[in-house]
């Protein structure tokens, strides 16, 4: 679905930002890109959606080489939710904001309205369809931005710090959407600093350090390696630490930890 | 004299280029008054004088290490204006001295002269402004004005447009990227691009307005106007020569503007 082959990138007149980046993401996979600030995560995201072009190497999305495909065409294959939703909201109604992407795809009439209704339901803003997006709270605005991309039904979904500014309800909804998308076969890529969120939702972690891939592993394998988490500059999620402290097999979520602990106690 | 030569400093203002030239090291007030002197000269000189002023300004910009940036901005801004004024005043505005050129096309020498006068005058003023903003960091202007006892509000009013250029430009790029990533086509026909304007401008304006409120709140919460004058810890260096140079330039600027008025 998404293939990055031997990619190097540097901004004009600058030092290399990314070197020798190579990885693939399959349908239904949730890949988290992690690393310190300045590791090259956001630049990599912009290479994936075609907003930047690699100095060498290729990025292929859904069979399309990003170097040969205009960004607005790629957008039908790879949807991006950026960090600041205010940067894309311009319509006077939530309904119209959600409709923007599908309209660019040529969707009209009943099909468009059905798509909008479906997305509004998924993001939990069916009652807010006629409100101005900027009258909503920050978490709801983020969900509008997510909804406007979901409405395009892209086979690849890029989420840049999607958990930022979300309250508990919105966070639960985001997690449910990520799980549903992966279940439906969408390839989901998260750029994320929240390691608990990564532990709960990502099936694989790609860690960047100084513009290079420091690790590309299943989530559990990554978080149980002290060396790799230190190299990537990320915090180990609490359940992983706690399981280690209790001498239990490694787990990623509190519920899995509780289950292991109970099983361990019963067997004892 | 002070200079900003580190790479970081250049990232805070769009047009400023770090360097160690005479103008980079000059006190910002000296550069500001030098710019005002050039502008006042441009306002009164005839076409040949303003043309010489532009050439001298561009030469000076190269000597100060900011030539390519100044020249590029000057050409990008002035070229459309030059063409528009030459066409309108040389060929379209009805004048008594119309001369046949080719076929039905006629032109007016006085119209062309007038267009050249206006263009070179604006060009000279723009050259002066560009030399100033490429060699003087807005933060240094603020410090320099504070050092001179100018009220914080007035200093901020003068320097804030320059300080805001960079974030505004970055935001415009981010908005464009966000909309392109949602399928907005900014590469096809003029009509399609025109239709795309609301998707680019509305978020930019909305965010700028919300920024104004945000900035005002931040300034108030930091007691921006609590003191009539602010103390500057690292004020840009100044010396007697520059003080006198500024006085001479101010007198010259006033004389340049005043003498033609008195003579008329």
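The values are calculated or read from the model by the stated rules, or taken from the named source; none is laboratory data. Nothing here was measured: the structure is a model prediction, and the numbers come from that model. Heads up, the Cβs are rebuilt from the backbone with ideal geometry, glycines too, and the neighbour counts pull from every protein chain shown.
Would you call residue A:117 farther than 27 Å from residue A:47 by Cα and touching a residue at least 24 places away in the same chain (Cβ under 8 Å)? Spelling it out, it is not the case that residue A:117 is farther than 27 Å from residue A:47 by Cα and touching a residue at least 24 places away in the same chain (Cβ under 8 Å). Considered as a group, the residues in region B:62-82 that are in contact (Cβ under 8 Å) with a residue 12 or more places away in the chain, part of a helix (DSSP H, G or I) and over 14 Å from the mean Cα position of the chain (by Cα) include one that is farthest from residue B:122 (Cα to Cα), and that residue is B:63. On inspection, residue B:59 passes the criterion of being over 15 Å from the mean Cα position of the chain (by Cα), without any contact (Cβ under 8 Å) to a residue 12 or more places away in the chain and farther than 28 Å from residue B:108 by Cβ.
Being within 14 Å of chain B (Cβ to nearest Cβ), under 17 Å from residue A:187 (Cβ atoms) and surrounded by 20 or more Cβ atoms within 10 Å (Cβ to Cβ) is a condition met by no residue of region A:4-21.
Within region A:234-255, residues that are free of Cβ contacts under 8 Å to residues at least 40 places away in the same chain have Cβ atoms under 6 Å from residues that are part of a loop (DSSP other than H, G, I, E, B) in these pairs: A:243/A:250; A:243/A:251; A:250/A:224, counting only partners at least 6 apart in sequence or on another chain.
Scanning region B:158-182 for residues that are closer than 20 Å to residue A:73 by Cα, buried (at least 16 other Cβ atoms within 10 Å of the Cβ) and either within 23 Å of the chain's Cα centre (by Cα) or more than 8 Å from chain A (Cβ to nearest Cβ) (or both) gives a single hit, B:176. Could you check, for region B:108-123, whether at least one of its residues is outside the structural domain of residue B:27 (by TED's automatic domain parsing), surrounded by fewer than 14 Cβ atoms within 10 Å (Cβ to Cβ) and free of Cβ contacts under 8 Å to residues at least 60 places away in the same chain? The answer is no, given that none of the residues of region B:108-123 is outside the structural domain of residue B:27 (by TED's automatic domain parsing), surrounded by fewer than 14 Cβ atoms within 10 Å (Cβ to Cβ) and free of Cβ contacts under 8 Å to residues at least 60 places away in the same chain. Which residues, counting only those in region B:183-223, are surrounded by 11 or more Cβ atoms within 10 Å (Cβ to Cβ) and not in a helix (DSSP H, G or I)? Residues satisfying the conditions are B:183, B:184, B:185, B:186, B:187, B:188.
Residue A:34 falls short on exactly one of the conditions (1) under 24 Å from residue A:222 (Cβ atoms); (2) out of contact with any strand residue (DSSP E or B) (no Cβ under 9 Å at 6 or more places or on another chain); (3) in contact (Cβ under 8 Å) with a residue 40 or more places away in the chain, and that condition is (2). Out of the residues in region A:45-75 meeting the condition of being touching a strand residue (DSSP E or B) at 6+ places or on another chain (Cβ under 6 Å), free of Cβ contacts under 8 Å to residues at least 60 places away in the same chain and part of a loop (DSSP other than H, G, I, E, B), tell me which one is farthest from the other protein chains (Cβ to nearest Cβ). Residue satisfying both the conditions and the ranking: A:55.
Screening B:210, B:160 for residues that are outside the structural domain of residue B:37 (by TED's automatic domain parsing) and within 27 Å of residue B:231 (Cα to Cα) leaves exactly one candidate, B:160.
This table checks each residue for (1) crowded, with 22+ Cβ neighbours inside 10 Å; (2) within 10 Å of chain B (Cβ to nearest Cβ); (3) more than 19 Å from residue A:21 (Cβ to Cβ); (4) modelled with pLDDT of 90 or more.
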{"position": "A:43", "(1), (2), (3), (4)": "no, no, no, yes"}
{"position": "A:80", "(1), (2), (3), (4)": "yes, yes, no, yes"}
{"position": "A:85", "(1), (2), (3), (4)": "yes, yes, yes, no"}
{"position": "A:93", "(1), (2), (3), (4)": "no, no, yes, yes"}
